1. Quote the FRET efficiency, to the nearest 0.05, computed for I29 versus W49 with a Förster distance R0 of 22 Å and r equal to the Cβ-Cβ distance.
2. How do E57, E23 rank by accessible surface area computed with a 1.4 Å probe, from largest to smallest?
3. Taking θ = phi - 60°, what integer Hz values does the Karplus form 6.51 cos²θ - 1.76 cosθ + 1.60 yield along region 17-23, in sequence order, with x for Gly and Pro?
4. At a Förster distance of 22 Å, what's the computed FRET efficiency of Q61 paired with L39, Cβ-Cβ distance as r, to 0.05?
Amino acid sequence: MKAKHRHYSPPISRFLVSVLYHEAQAKGIPMTKLTDQLLRQALTGSSGWQTAETLREQEAQYQIPPAKAA
């Protein structure tokens, strides 16, 4: 059995969770899909995005296993 990778999941304020819930309900999509869409729109092309892409390419090129969560 392959171990599941763990990632940091930052807490989101209760109010924003409520906003996401109601917006997702209005759009008829899961909250996770809405959150992913919103974050992609906001972060695509940012310096953090570029860094993450570079690291992903390096991992793929050298087959470096992802870092373990602390």
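1. 0.45
2. The most accessible residue leads, giving E57, E23.
3. Karplus-based 3J(HN,Hα) across region 17-23 equals 4, 5, 4, 4, 4, 5, 5 Hz.
4. It comes out at approximately 0.30.
The values are calculated or read from the model by the stated rules, or taken from the named source; none is laboratory data. Since the model is a prediction, treat every value here as computed from it, not as a measurement. In this analysis, Cβ positions are derived from the backbone assuming ideal geometry, glycine residues included, and neighbour counts consider all displayed protein chains. Note: accessible area is taken over every heavy atom of the protein model, side chains too, but ligands, DNA and RNA are not part of it. Shrake-Rupley method; radii C 1.70, N 1.55, O 1.52, S 1.80 Å.
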